[in-house]
Structures are given as C-alpha cells and as structure tokens.
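Reading through the structure tokens given below for one structure.
Throughout, read-outs are computed from the coordinates displayed, never taken from laboratory work. None of the values given here were measured: they were computed from a predicted structure. Backbone-built Cβ (ideal geometry, glycine too); neighbour counts: all protein chains shown.
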Amino acid sequence: MLFKQSPRVCRSLDYNSFTGSIPPTIGNLSKLYVLDLTNNKLTGTIPISNSLPPGLDMLLHAKHFHLGMNQLSGTIPMKLFSSDMQLIHLLLDSNNLSGSIPSTLGLVTNLTVVRLDKNSLTGPVPSNLNNLMNIGELNLANNNLSGPLPNLTGMNALSFVDMSNNSFDPSDIPSWFSTLPVLTSLYLEHLNIGGQLPQSLFSFSLIETLRLRDNRFNGTLDIGTHYSSQLELVDLQNNQINQIVLGGGYNKQII
C-alpha cells in the first residue's frame with residue numbers, strides 16, 4: 001500500500017485482500033479524516049510514532065479508525081490515544097490483539113463507537129472508561145477481560161452495550177443497569193452476574209433486546225406494567241429464575 005498526502009481526507013480501502021502490515025507513513029497524512037482498512041488480511045502491530053518513524057497516533061484530526069476484521073496482533077499501544085485526538089469511531093474488532101485496554105482510551109472524549117470485541121484482550125477495563133460520555137455503542141465482547149464489571153454510570157448516550165463472554169469477577173446486578181436512558185440493546189451473556197432483575201430495566205422507553213443468558217439471575221422475573229413498547233426479546237436462558245410474572249400483559253418473546 002502506498003499513501004501520499006493529497007486534498008482528499010478519506011482513505012477507504014476496506015474489503016480488499018491487502019496483506020502485510022499497516023504502513024507507519026500513514027501517520028504523515030495530517031489531513032486524514034477516515035482510515036478504513038476493514039476486512040483485509042493485514043498483520044503485524046498497530047504502528048505508533050517513535051523518534052523518526054511516524055504512526056497512527058499522529059492522526060490527530062482523524063475521525064474514524066476502522067481496522068476491524070484483519071489479523072492485527074500485539075497490544076493496543078498506550079501512545080495510540082491522547083486528549084488531542086478528534087476520533088469518534090474506533091473499530092478494532094475481530095483481530096488477534098492481546099494485552100490490556102490502555103487507560104489513555106479514556107482521554108478521547110469525542111468517541112461515539114468503540115468496538116474491541118473478538119480479540120484476546122486481558123486485564124481489567126480502565127476505570128476512566130466512563131469519561132467517554134458520548135459513546136453510543138460499546139462492544140467489548142468475546143475477550144478475556146477480568147477484574148470488576150465496568151462501571152457505566154453516567155454514560156447516558158449508550159444505546160448498544162455488549163460485554164458478553166469475558167472473565168469479570170462474579171458480581172451482583174450493577175447500579176448502572178437502571179440508569180442508561182437511551183439503551184436499546186444490552187448483551188451481558190456468560191458473565192456470572194447474580195441477583196433479581198429490577199423492573200426499571202424493562203421500562204427504558206427505547207429498550208428492544210436484553211440478552212442476559214448464562215448468569216446467576218434469580219428470584220422472580222417481573223417485567224411490571226410500564227415496560228417499553230419496543231421490547232421484543234428477553235433472553236434469560238440458563239439462569240436461576242424461579243417465577244415469571246407478566247401482570248402487564250407482555251406478550252413478546254421471553255426465553
């Protein structure tokens with residue numbers, strides 16, 4: 001791949017069969033707005049600047065890093081992110097990335113979409129994640145993340161959340177379950193969360209899908225009478241629910 005600076009600010013090269021590593025010289029494209037290399041066969045690490053070689057951390061004006069569905073390896077560099085970045089979309093899903101999520105991610109406060117799913121990430125999620133108040137989509141599923149379940153309190157723009165299939169510490173239902181006003185889809189499968197589900201979870205006006213299978217939810221499932229008219233699916237397979245109350249006439253899918 002050969003990149004030259006030009007008045008164009010978009011490099012959309014997705015769905016090709018590019019091989020090799022991401023050229024560090026992309027970092028010299030100071031006017032770049034979108035870097036889209038989705039669904040290629042790229043390998044190697046994410047390049048960052050180090051003395052003379054440039055790197056993606058130099059793309060302070062870029063809005064989109066779409067690097068998903070490749071074969072990238074190594075860690076997500078701490079230096080990749082800074083408070084000077086204008087990034088809104090970070091898509092690193094479906095790669096072979098390892099190591100921890102860098103705490104510097106919490107500095108990029110313009111982010112609206114973060115996809116780190118389907119990698120081999122480990123360690124705890126940085127506690128400053130909830131600095132990202134503008135995020136609408138957060139997907140951390142299918143890694144090996146550990147430590148406490150992330151605290152999403154105050155992330156009121158969240159519409160889609162998936163943290164399924166990780167290795168977080170066993171926990172009770174987090175308080176933020178009932179505090180995400182525009183939530184449409186919540187996926188928390190196989191996370192060893194326990195307790196009785198609050199009615200308020202079903203009453204978010206926009207909620208459509210709750211996939212909470214393979215946990216330790218127990219007691220009575222009572223959707224209440226003020227459930228969302230948008231609610232289409234409640235998946236609680238392989239939990240410890242011993243009674244279901246549908247006094248409000250809910251007639252959509254519960255499995």
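Charges only on Cβ, +1 for Lys and Arg, -1 for Asp and Glu: so what's the dipole of the chain about the Cα centre, in debye to the nearest 20?
Using only the charged Cβ atoms, the result is roughly 760 debye.
Does region 56-189 come out rounded, prolate or oblate, given a ≥ b ≥ c as the square roots of the eigenvalues of its C-alpha gyration tensor, rounded meaning a/c under 1.5 and, failing that, prolate meaning a/b above b/c?
oblate
Please get the size of the charge dipole for region 103-255, origin at its Cα centre, with Cβ charges of +1 on Lys and Arg and -1 on Asp and Glu, quoted in debye to the nearest 20.
60
At a Förster radius of 25 Å, what calculated FRET efficiency corresponds to the Cβ-Cβ distance of LYS31 and ASN128, to the nearest 0.05?
Calculated transfer efficiency: 0.25.
With springs only between Cα atoms under 10 Å, which of ILE207, ILE193, ILE244 fluctuates most in a Gaussian network model of the chain?
With Cα springs under 10 Å in the chain, the top fluctuation among ILE207, ILE193, ILE244 is at ILE244.
Take ILE26, ILE76 and order them by how many other Cβ atoms sit within 10 Å, fewest up front.
With the fewest neighbours first, ILE26, ILE76 line up as ILE26, ILE76.
Among residues other than MET163 whose Cβ falls under 14 Å from its Cβ, what is the net charge (Lys/Arg +1, Asp/Glu -1)?
-3
Taking springs between alpha-carbon atoms closer than 10 angstrom, which of HIS226, HIS61, HIS89 fluctuates most in the Gaussian network model of the chain?
HIS226
From zero up to wherever the largest Cα-Cα distance of region 153-209 sits, split into 10 Å bins and tell me the percent of pairs in each.
23, 56, 21, 0
Kirkwood Rh, Cα Rg: Rg to Rh for the chain?
Using only Cα positions, Rg/Rh for the chain is 1.03.
Considering the options SER200, PRO174, PHE217, tell which one lies farthest towards the positive end of the dipole of region 103-223, charges being +1 on Lys and Arg and -1 on Asp and Glu at the Cβ, about the Cα centre.
PRO174
Picking from LEU129, PRO54, GLN71, whose Cα lies most toward the positive end of the charge dipole for the chain (charges on Cβ: Lys, Arg +1; Asp, Glu -1)?
Highest projection toward the positive end goes to PRO54.
How about LYS118: which lysines have a C-alpha closer than 24 Å to its C-alpha, ignoring those fewer than 8 places off in the same chain?
Of all the lysines, those that pass the test against LYS118 - Cα under 24 Å, at least 8 places apart if same chain - are LYS41, LYS63, LYS79.
List the relative contact order of region 10-254 as a percent without decimals, with contacts defined as Cα pairs under 8 Å and 6+ residues apart.
Relative contact order, region 10-254: 10 percent.
Fewest first, what order do LEU145, LEU183 take by the number of other Cβ atoms within 10 Å?
Neighbour counts put them in this order, fewest first: LEU145, LEU183.
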